[in-house]
Amino acid sequence: MTRALIIGAPRSGSGKTSVTIGLLRAFARRGLRVRGVKSGPDYIDPGFHHAATGRAGLNLDSWAMEPDLVAQLLGQAAEDADLLLIESAMGLFDGIAGGEGRTGAAADLARLLGIPVLLVLDVSGQSQTAAAVAIGFRHYDPKVRMAGVVLNRAGSERHVRLSTAAIEDTGMSVVGAVLRNGELSLPERHLGLVQASEHPAIQGHIDRLADVMEASLDLDAILSLAVPITPEAGDSRAHLPPPGQRIAIASDAAFTFLYPHLGAHWRAVGAELVPFSPLANEPPSLDCDVCWIPGGYPELHAGKIAAADRFRTGLAAFAKNKSVHGECGGYMVLGERLEDAEGVSHAMTGLLSHATSFARRKMNLGYRQATLIADGPMGVAGQVIRGHEFHYASVSDPGTDEAFATIADGTGQPIGLSGGRRGQVTGTFFHAIARVTQ
């Protein structure tokens with residue numbers, strides 16, 4: 001039977017990702033079939049989970065995914081795993097006013113599935129006060145059970161003793177403490193961590209994290225906190241269907257942001273994903289019937305993309321008769337121009353007429369509900385799709401194309417028109433997660 005445990009924290013930056021990655025590898029060393037799950041719309045952490053375990057990562061999102069889809073995905077994840085470690089995004093209770101159980105917070109999963117929480121507390125700059133934080137977590141929502149506490153970034157053994165004694169005096173269990181160590185931090189860039197695939201020595205770093213967790217934490221106690229789960233059957237109706245039978249998908253250092261559950265579902269229902277690399281100047285294969293350009297970091301490679309004549313020419317030829325869709329970074333590349341962080345403007349594919357700028361930085365972050373304006377790779381006109389937007393680039397010239405969708409925020413407040421559509425080419429800053437069926 002599969003067991004599960006949620007790893008949460010009061011905020012981003014508490015160190016829960018490093019703790020999660022280290023625990024995943026440490027339990028895998030014991031011979032357990034362990035899988036990492038990320039709560040919320042995060043592309044990067046599932047890559048680290050995959051690197052740590054050898055098993056594909058997964059996102060579960062209580063706002064973007066209907067409960068039946070959450071159940072179906074969790075059931076699939078549990079089929080070949082002894083232990084699921086579910087890493088919270090941001091703070092454990094951070095979400096939106098999306099209705100009961102649909103806030104997007106990891107706490108929703110704890111309530112829905114009865115999974116307890118291992119609380120990671122960054123105790124730097126405090127000692128006994130950490131107990132007040134732990135007590136707040138224990139009492140904030142009686143339906144979310146705090147099973148144990150990990151102290152992170154402790155300054156000394158005395159610091160550990162003071163913090164541990166205060167927390168355990170409240171009746172909560174401390175299962176270990178990780179001392180402050182700058183070498184445990186993962187490199188970051190503007191959208192968060194550098195991707196696992198880009199880390200030059202990722203396996204060595206994960207092994208060091210696992211060494212620290214084995215030496216610092218009581219793994220037997222942590223394993224005992226995980227509870228057996230029996231997910232309901234659920235169903236896959238809310239899955240985003242494959243946009244075609246053979247899908248040419250841009251895949252390299254500039255284009256990596258495809259949610260694991262999307263690719264897995266598309267393959268499961270018989271679609272074939274055919275990767276190509278714009279950075280290697282490769283065009284999409286003409287024997288595919290749709291091209292999908294996911295998000296990523298094209299702003300870091302704008303000059304190379306601009307010089308990739310074979311890619312640009314081949315994509316234009318593909319788009320004459322077949323659908324092309326770009327999400328976020330892919331949308332930027334479908335436009336006329338992309339201005340990089342230094343203010344240098346690079347010619348892009350020009351299949352849509354807008355221009356984007358990374359020099360004019362403005363963070364756009366939040367859940368989105370998109371209603372499709374016309375039939376296309378994501379579905380028919382009127383279909384509502386839930387997803388997420390997170391980018392610093394801005395539209396410097398909106399162009400003259402028809403809009404792709406109307407969008408609202410996670411609470412249903414209208415935002416306006418989004419993206420572009422010209423012929424069979426579509427694109428938007430919005431990342432699709434799942435359809436709305438109810």
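The values are calculated or read from the model by the stated rules, or taken from the named source; none is laboratory data. The model shown is predicted, which means the values in this text are computed figures rather than measured ones. So basically every Cβ, Gly included, is an ideal-geometry build from the backbone, and we count neighbours across all protein chains shown. All accessible areas refer to the heavy atoms of the entire protein, side chains included, with ligands and DNA or RNA removed. Shrake-Rupley method; radii C 1.70, N 1.55, O 1.52, S 1.80 Å.
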For segment 224-293: span of alpha carbons on each principal axis (Å, largest first): 50, 27, 14
Need the C-alpha centroid separation for segment 357-372 versus segment 39-103, integer Å. 22 Å
Protection proxy ranking, peptides 45-51, 404-410, average beta carbon neighbours within 10 Å, highest first: 45-51, 404-410
With a 1.4 Å probe and all protein chains left in place, how much of the accessible area of the chain comes from carbon and sulfur atoms, in whole percent? 50 percent
5 angstrom amide H check on D61, placed H, neighbours 5+ away: G40
Given Cβ charges of +1 for Lys and Arg and -1 for Asp and Glu, the option among G99, I222, S163 whose Cα lies farthest towards the positive end of the dipole of the chain is S163
On a straight-distance basis, which aspartates and glutamates could pair with K322 in a cross-link, Cα separation under 13 angstrom, same-chain partners fewer than 8 positions away excluded? D287, D289
Going Cα to Cα from K38, which lysines come in below 22 Å? Please leave out same-chain ones fewer than 8 positions away. K16, K143
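Quick check for you: with a 1.4 Å probe and neighbouring chains kept, what is the accessible area per residue of the chain, in Å²?
That works out to 39 Å² for each residue.
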Per the Cauchy relation, a quarter of the hull surface: what is the mean projected area of the convex hull of the alpha carbons in segment 356-438, in nm²? 5.4 nm²
How much net charge surrounds A254 when only other residues with a Cβ under 10 Å from its Cβ are counted (Lys, Arg +1; Asp, Glu -1)? -1
Suppose R0 equals 30 Å. What FRET efficiency, 1/(1 + (r/R0)^6) with r the Cβ-Cβ distance, do A374 and R246 give to the nearest 0.05? 0.85
Whole-Å semi-axes of the chain's equivalent ellipsoid (Cα gyration tensor): 39, 23, 20
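Take peptides 6-15, 168-177, 248-257 and line them up by average Cβ neighbours within 10 Å, highest first, as a rough protection proxy.
Per-residue mean Cβ counts within 10 Å order the peptides as 248-257, 6-15, 168-177.
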Using +1 at the Cβ of each Lys and Arg and -1 at the Cβ of each Asp and Glu in the chain, identify which of T406, Y43, V425 lies farthest towards the dipole's positive end. Y43
Mean projected area in nm² (Cα convex hull; one quarter of hull surface) for segment 295-335: 2.8 nm²
What Kirkwood hydrodynamic radius, in Å, does segment 1-70 give when the mean of 1/r is taken over all pairs of distinct Cα atoms and then inverted? 12.8 Å
What is the gain in length, in nm to one decimal, between Q128 and A341 on full extension, counting 0.36 nm per residue of separation less the C-alpha to C-alpha distance? 72.3 nm
Explain nothing, just the number: dipole magnitude of the chain about its Cα centre with +1 on each Lys and Arg Cβ and -1 on each Asp and Glu Cβ, in debye rounded to the nearest 20. 160 debye
Amide H contacts of E402 (H built 1.01 Å from N, under 5 Å, at least 5 apart or other chain): R421
Dipole of the chain (Lys/Arg Cβ +1, Asp/Glu Cβ -1, origin at the Cα centre): which of F318, V380, Y259 lies farthest to the positive side? Y259
The answer for V324, listing residues at least 5 apart or on another chain whose modeled amide H is closer than 5 Å to its amide H, is C291, V425, T426
Enumerate the residues in segment 83-126 having an amide nitrogen under 18 Å from the point lying 7 Å beyond the Cα of R158 toward its Cβ. 123-126
Mean shadow of segment 104-152, computed from the convex hull of its alpha carbons, in nm²? 3.5 nm²
With +1 on each Lys and Arg Cβ and -1 on each Asp and Glu Cβ, how big is the dipole of segment 256-383 about its Cα centre, in debye rounded to the nearest 20? 220 debye
Structure-based [θ]222 nm, the chain - -39500 (n - 2.57) summed over DSSP H runs of at least 4, per residue, nearest 500: -8000 deg cm²/dmol
Relative contact order for the chain: what percent, with Cα pairs under 8 Å and sequence separation of 6 or more? 14 percent
Which order do peptides 430-436, 378-384, 214-220 fall in by mean Cβ count within 10 Å, highest first? 430-436, 214-220, 378-384
Pop a pseudo-label 7 angstrom from the Cα along the beta-carbon direction at both T406 and I96 and give the gap in nm to one decimal. 1.7 nm
Checked segment 198-325 with the C-alpha gyration tensor, a ≥ b ≥ c its square-rooted eigenvalues, rounded below a/c of 1.5, otherwise prolate if a/b is larger than b/c and oblate if not; verdict oblate
Apply the a/c threshold of 1.5 to the C-alpha gyration tensor of segment 61-105 and tell me whether it is rounded, prolate or oblate. oblate
